[in-house]
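The values are calculated or read from the model by the stated rules, or taken from the named source; none is laboratory data. In this text, all values refer to a predicted model and were calculated from it rather than measured experimentally. Cβ: placed from backbone, ideal geometry, glycine included. Neighbour counts: every protein chain shown. Accessible surface is based on the protein model in full, side chains and every heavy atom, while ligands, DNA and RNA are left aside. Shrake-Rupley method; radii C 1.70, N 1.55, O 1.52, S 1.80 Å.
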Amino acid sequence: MARMVTGQLGAEGPYWDGLAKGRLVLPRCNGCGKWHWPAVWRCGDCGSWDHEWVEQPLAGTIFAWTRTHHRFAGTEGLALPYVTALVLLDAVPIRLNGLIEGSEEHLGIGAPVTGRTTFTQFGKDEIPSIRWMLA
Ligand SMILES: [Zn+2]
(Lines give C-alpha, C1' and ligand atoms only; values in the text may rest on other atoms or scores of the structure.)
Protein backbone atom coordinates (compact mmCIF):
# COMPACT_ATOMS: atom_id res chain seq x y z
CA MET A 1 0.00 0.00 0.00
CA ALA A 2 1.36 3.40 -0.97
CA ARG A 3 0.43 6.75 0.41
CA MET A 4 -0.82 9.07 -2.29
CA VAL A 5 1.86 11.32 -3.74
CA THR A 6 0.98 14.93 -3.18
CA GLY A 7 2.55 18.04 -4.60
CA GLN A 8 1.45 17.17 -8.14
CA LEU A 9 -2.18 18.00 -7.68
CA GLY A 10 -2.30 21.43 -9.24
CA ALA A 11 -3.97 24.22 -7.34
CA GLU A 12 -5.13 21.85 -4.57
CA GLY A 13 -1.66 20.52 -3.71
CA PRO A 14 -1.29 22.49 -0.43
CA TYR A 15 -4.66 21.15 0.78
CA TRP A 16 -3.59 17.51 0.34
CA ASP A 17 -0.11 18.18 1.72
CA GLY A 18 -1.70 19.84 4.76
CA LEU A 19 -4.08 16.95 5.43
CA ALA A 20 -1.18 14.50 5.12
CA LYS A 21 0.58 16.45 7.89
CA GLY A 22 -2.54 16.64 10.09
CA ARG A 23 -3.58 20.21 9.23
CA LEU A 24 -6.50 21.66 7.30
CA VAL A 25 -5.36 24.57 5.15
CA LEU A 26 -7.59 26.43 2.70
CA PRO A 27 -6.86 29.17 0.15
CA ARG A 28 -7.89 32.80 0.58
CA CYS A 29 -7.40 35.35 -2.18
CA ASN A 30 -4.93 38.04 -1.18
CA GLY A 31 -6.53 40.44 -3.66
CA CYS A 32 -10.11 40.45 -2.34
CA GLY A 33 -10.19 38.06 0.63
CA LYS A 34 -12.53 35.51 -0.96
CA TRP A 35 -12.17 31.89 0.18
CA HIS A 36 -11.93 29.41 -2.66
CA TRP A 37 -12.81 25.74 -2.64
CA PRO A 38 -12.06 23.88 -4.81
CA ALA A 39 -8.79 25.75 -5.05
CA VAL A 40 -8.14 27.95 -8.06
CA TRP A 41 -4.97 29.37 -9.55
CA ARG A 42 -6.61 32.72 -10.27
CA CYS A 43 -9.45 34.42 -8.38
CA GLY A 44 -12.59 34.65 -10.49
CA ASP A 45 -13.76 37.73 -8.58
CA CYS A 46 -10.74 40.06 -8.64
CA GLY A 47 -8.31 38.34 -11.03
CA SER A 48 -5.50 37.96 -8.49
CA TRP A 49 -3.09 35.04 -8.81
CA ASP A 50 -2.00 35.49 -5.19
CA HIS A 51 -3.55 33.16 -2.61
CA GLU A 52 -2.60 32.48 0.98
CA TRP A 53 -3.15 29.05 2.53
CA VAL A 54 -4.59 29.52 6.02
CA GLU A 55 -4.95 26.81 8.65
CA GLN A 56 -8.54 26.26 9.79
CA PRO A 57 -10.05 24.35 12.69
CA LEU A 58 -11.83 21.12 11.80
CA ALA A 59 -15.24 22.11 13.12
CA GLY A 60 -18.57 22.76 11.46
CA THR A 61 -22.13 21.59 10.99
CA ILE A 62 -23.55 18.88 8.75
CA PHE A 63 -24.91 20.38 5.53
CA ALA A 64 -25.87 16.99 4.02
CA TRP A 65 -25.13 13.34 4.67
CA THR A 66 -25.69 9.90 3.16
CA ARG A 67 -25.33 6.28 4.28
CA THR A 68 -23.71 3.95 1.75
CA HIS A 69 -24.76 0.27 1.86
CA HIS A 70 -23.31 -0.99 -1.44
CA ARG A 71 -19.64 -1.26 -2.27
CA PHE A 72 -18.12 0.50 -5.25
CA ALA A 73 -14.62 0.34 -6.69
CA GLY A 74 -11.92 1.68 -4.40
CA THR A 75 -13.86 1.40 -1.15
CA GLU A 76 -12.78 -2.13 -0.21
CA GLY A 77 -11.04 -0.72 2.86
CA LEU A 78 -14.27 0.66 4.34
CA ALA A 79 -16.72 -1.36 6.42
CA LEU A 80 -20.30 -1.23 5.13
CA PRO A 81 -22.46 0.64 5.73
CA TYR A 82 -20.63 3.96 6.18
CA VAL A 83 -21.82 7.53 6.48
CA THR A 84 -20.37 10.39 4.48
CA ALA A 85 -21.12 13.99 5.47
CA LEU A 86 -20.72 17.29 3.70
CA VAL A 87 -19.77 19.72 6.48
CA LEU A 88 -20.07 23.50 6.38
CA LEU A 89 -17.04 24.77 8.28
CA ASP A 90 -17.64 27.16 11.19
CA ALA A 91 -14.74 29.48 10.38
CA VAL A 92 -15.04 29.94 6.62
CA PRO A 93 -17.86 29.49 4.04
CA ILE A 94 -16.53 26.21 2.67
CA ARG A 95 -18.03 22.69 2.70
CA LEU A 96 -15.84 19.59 2.95
CA ASN A 97 -16.61 15.88 2.67
CA GLY A 98 -15.55 13.24 5.13
CA LEU A 99 -16.65 10.01 6.73
CA ILE A 100 -18.56 10.08 10.01
CA GLU A 101 -16.96 8.00 12.77
CA GLY A 102 -18.15 7.15 16.23
CA SER A 103 -21.67 7.57 17.53
CA GLU A 104 -24.39 8.47 15.04
CA GLU A 105 -26.90 9.28 17.77
CA HIS A 106 -27.25 12.96 16.77
CA LEU A 107 -26.71 12.50 13.03
CA GLY A 108 -28.70 15.01 11.00
CA ILE A 109 -28.54 18.19 8.99
CA GLY A 110 -27.30 21.02 11.19
CA ALA A 111 -25.60 18.74 13.72
CA PRO A 112 -22.27 20.12 15.00
CA VAL A 113 -19.15 18.08 14.28
CA THR A 114 -15.45 18.20 14.91
CA GLY A 115 -12.91 16.53 12.70
CA ARG A 116 -9.51 14.93 12.52
CA THR A 117 -7.19 14.10 9.67
CA THR A 118 -6.19 10.58 8.80
CA PHE A 119 -5.40 8.39 5.81
CA THR A 120 -8.08 6.31 4.09
CA GLN A 121 -7.38 3.27 1.96
CA PHE A 122 -8.71 3.84 -1.55
CA GLY A 123 -7.85 1.00 -3.90
CA LYS A 124 -4.13 0.35 -3.48
CA ASP A 125 -3.43 3.81 -2.09
CA GLU A 126 -3.95 5.65 1.15
CA ILE A 127 -5.23 9.16 0.68
CA PRO A 128 -5.24 12.00 3.21
CA SER A 129 -8.78 12.48 4.43
CA ILE A 130 -11.04 13.92 7.11
CA ARG A 131 -13.12 12.03 9.68
CA TRP A 132 -16.02 13.90 11.29
CA MET A 133 -17.34 13.12 14.75
CA LEU A 134 -20.70 14.27 16.07
CA ALA A 135 -20.44 16.56 19.07
ZN1 LIG B 1 -9.86 37.80 -5.30
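A few notes on this one:
- Accessible surface for the chain, divided over its residues, is 56 Å² per residue with a 1.4 Å probe.
- Near Thr75: Cβ cut-off under 14 Å, other residues only, Lys/Arg at +1 and Asp/Glu at -1. The net charge is 0.
- Multiplying the residue separation of Ala64 and Leu9 by 0.36 nm and subtracting their alpha-carbon distance yields 17.2 nm.
- Whether the chain is rounded, prolate or oblate, judged on the alpha carbon gyration tensor where a/c under 1.5 counts as rounded: oblate
- Split the accessible area of the stretch 57-135 by element, probe 1.4 Å, and carbon with sulfur accounts for 57%.
- For Phe63, distant residues with modelled amide H under 5 Å away: Leu86, Val87, Leu88, Gly110
- Once C-alpha pairs closer than 8 Å and six or more residues apart are averaged by separation and normalised to the residue number of the chain, the relative contact order reads 25 percent.
- Each of Leu26, His69, Trp132 was placed along the dipole of the chain (beta-carbon charges, centred on the mean Cα), and the one lying farthest toward the positive end is His69.
- Calculated [θ] (222 nm, deg cm²/dmol) that DSSP helices of n ≥ 4 give over the chain, each run adding -39,500 (n - 2.57): -1500 deg cm²/dmol
- If the segment from Lys21 to Trp35 were pulled out straight at 0.36 nm per residue, it would be longer than the present Cα-Cα gap by 2.9 nm.
- The stretch 7-56, accessible surface, carbon-and-sulfur percent (1.4 angstrom probe): 45
- Principal axis dimensions, largest first and in whole angstrom, of the stretch 33-104 by Cα: 44, 26, 18
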